[in-house]
Amino acid sequence: MNKLRIVVLGDGGWGTTLAVLLSAKGYSVTLWSAFDHYAKLMAKIRFNPKFLPGIKIPHKIQITSNIKTAVANKEIIVLAIPSQYVRGVLNKVRGNFAKKTVFLSVTKGIEIGSSKRMSEIIHATLGSVKLAVLSGPTIAQEVARGIPTTIVAASHDKKIRKIIQMVFSTERFRVYTNPDVIGVELGGSLKNVIAIACGVSDGLGFGTNTKAAILSRGLVEIARLGKAMGAKLETFSGISGLGDLVTTCVSRQSRNRFVGEQIGKGKSLKQICKHMQMVAEGVSTAKSAYALSLKYKVDMPITKEVYRLLYLNKSPRQVVRDLMTRKSKEE
């Protein structure tokens, strides 16, 4: 199995971390960057200074910006690309990969406009390819430093999810399997929206009570939408649901929580994004999630208010007031 050839598409912190993890297991790993100058820089200095500072990239990892050669003859293609660029990258991949290739999405987001999950985009673009999803509470720097972490491999195909489990598992990186692709993808995507709300709470100077309320009620609305879309409710109380939600809402390294915190402190979304190196997926997912809530007629008050905060310039304090004074109801 160590003869496996794997390519990671996307040179962000998470993509680079997974490339390093897989290389350490003895697999033949290629890391693809969309930017030729940056691929050459990483290949020269063997670090990813923008997205994963301080973590050495082994010399045996091939780094390239040529996508056709990157995906050729690979058994596994890992998609670690920001959600809004996945479709465009897949169009470049089409026709250049082997029939037996397994596509593994590690991207947590929902496409704006189509409101499609990443697995849906892969199938819509490439047809009935072999497919799995890897998602969970995984701060890239922590995984790269060998801090014990758990994650979930989801696929409708039991054999495929078992393969992904075996390929990625290490003593410090425990992989569980789950057949619920919809639930695992939604948990990983929608938690970013709730994390923005938690960040706003932090920025406004609120405390643990407020964050606990946002976390618990946020999980309720994530599960509510998930059920309407065909996911299993129990998935949302697991690692890829509650586990990922807690990590993203609490961690000081969470980009989505950071965006919310800055908004709570009075900065505009444009100002915040201008100074961020990495993408905060919750910003685009808020728009897609709100569209899904309308499509499936699901009440998602926190998601709706985050959408209004980001796209309709609603004030953070008015958002809090409106959430707290909603009509009284049972839990």
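Return the only residue of L310, L323, L292 being surrounded by 15 or more Cβ atoms within 10 Å (Cβ to Cβ), within 18 Å of G226 (Cβ to Cβ) and not basic (K, R). Can you show your working first?
Numbers: L310 fails: within 18 Å of G226 (Cβ to Cβ); L323 fails: within 18 Å of G226 (Cβ to Cβ).
Testing whether each residue is surrounded by 15 or more Cβ atoms within 10 Å (Cβ to Cβ), within 18 Å of G226 (Cβ to Cβ) and not basic (K, R) leaves just L292.
If I ask for residues that are outside any helix (DSSP H, G or I) and either without any contact (Cβ under 8 Å) to a residue 12 or more places away in the chain or over 14 Å from the mean Cα position of the chain (by Cα) (or both), which ones from segment 254-286 would you list?
Across segment 254-286, the qualifying residues are K265, G266, K267, S268, H275, M276, Q277.
So, in segment 61-99, how many residues would count as being touching a Phe, Trp or Tyr at 6+ places or on another chain (Cβ under 8 Å) and either outside the structural domain of Q165 (by TED's automatic domain parsing) or of a type in the set (D, E, K, R) (or both)?
Number satisfying all stated conditions: 1.
Looking at the structure I just gave you, is Y38 in the same structural domain as L79 (by TED's automatic domain parsing), surrounded by 14 or more Cβ atoms within 10 Å (Cβ to Cβ), out of contact with any Leu (no Cβ under 9 Å at 6 or more places or on another chain) and of a type in the set (S, T, Y)?
The answer is yes for Y38.
For segment 223-263, what are the residues that are in contact with a strand residue (DSSP E or B) (Cβ under 6 Å, 6 or more places away or on another chain) and of a type in the set (S, T, N, Q)?
Across segment 223-263, the qualifying residue is only S240.
Identify the residue in segment 139-156 that is of a type outside the set (A, V, I, L, M) and under 19 Å from D180 (Cα atoms) and, among all such residues, is surrounded by the fewest Cβ atoms within 10 Å (Cβ to Cβ).
H156
Looking at this structure, is T235 on the phi < 0 side of the Ramachandran plot and under 14 Å from the mean Cα position of the chain (by Cα)?
Numbers: on the phi < 0 side of the Ramachandran plot: yes; under 14 Å from the mean Cα position of the chain (by Cα): no.
For T235, the condition - on the phi < 0 side of the Ramachandran plot and under 14 Å from the mean Cα position of the chain (by Cα) - is not met.
Which number in (1) of a type outside the set (S, T, N, Q); (2) without any contact (Cβ under 8 Å) to a residue 60 or more places away in the chain; (3) assigned to a helix (DSSP H, G or I) marks the one condition that G199 misses?
(2)
Please enumerate the residues belonging to segment 176-199 that are of a type in the set (V, I, T) and within 23 Å of E281 (Cα to Cα).
V181, I182, V184, V193, I194, I196
Yes or no, residue by residue, for (1) modelled with pLDDT of 95 or more; (2) over 24 Å from S115 (Cβ atoms); (3) surrounded by fewer than 16 Cβ atoms within 10 Å (Cβ to Cβ); (4) under 20 Å from the mean Cα position of the chain (by Cα):
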{"position": "G207", "(1), (2), (3), (4)": "yes, yes, yes, no"}
{"position": "T210", "(1), (2), (3), (4)": "yes, yes, no, no"}
{"position": "G218", "(1), (2), (3), (4)": "yes, no, no, yes"}
{"position": "I222", "(1), (2), (3), (4)": "yes, no, no, yes"}
{"position": "L225", "(1), (2), (3), (4)": "yes, no, no, yes"}
{"position": "A228", "(1), (2), (3), (4)": "yes, no, yes, no"}
{"position": "S240", "(1), (2), (3), (4)": "yes, no, no, yes"}
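Can you pull out every residue in segment 97-146 that is more than 26 Å from A291 (Cβ to Cβ), out of contact with any strand residue (DSSP E or B) (no Cβ under 8 Å at 6 or more places or on another chain) and free of Cβ contacts under 8 Å to residues at least 60 places away in the same chain?
A98, K99, S128, G146
Only one residue in N73, N91 is assigned to a loop (DSSP other than H, G, I, E, B) and over 17 Å from the mean Cα position of the chain (by Cα), so which one is that?
N73
What's the number of the condition A289 fails, among (1) within 30 Å of T149 (Cβ to Cβ); (2) outside any helix (DSSP H, G or I)?
(2)
Just one of S155, S189, S169 is of a type outside the set (F, W, Y) and not assigned by TED's automatic domain parsing to the domain that holds T101; which is it?
S189
Could you check F206 against (1) closer than 14 Å to T235 by Cβ; (2) outside any helix (DSSP H, G or I) and say which number it fails?
Condition (1) is where F206 drops out.
Got a number for residues in segment 277-299 being closer than 17 Å to T248 by Cβ and in contact with a helix residue (DSSP H, G or I) (Cβ under 7 Å, 6 or more places away or on another chain)?
The qualifying residues number 9.
Test G187 against the stated conditions and say whether it is surrounded by 24 or more Cβ atoms within 10 Å (Cβ to Cβ) and in contact with a Leu (Cβ under 8 Å, 6 or more places away or on another chain). Give the derivation first.
Working: surrounded by 24 or more Cβ atoms within 10 Å (Cβ to Cβ): yes; in contact with a Leu (Cβ under 8 Å, 6 or more places away or on another chain): yes.
For G187, the condition - surrounded by 24 or more Cβ atoms within 10 Å (Cβ to Cβ) and in contact with a Leu (Cβ under 8 Å, 6 or more places away or on another chain) - is met.
The values are calculated or read from the model by the stated rules, or taken from the named source; none is laboratory data. Just so you know, these numbers come straight off a predicted model, no measurement behind them. For neighbour counting, all protein chains shown are included, and Cβ atoms are generated from backbone atoms with ideal geometry for every residue, glycine included.
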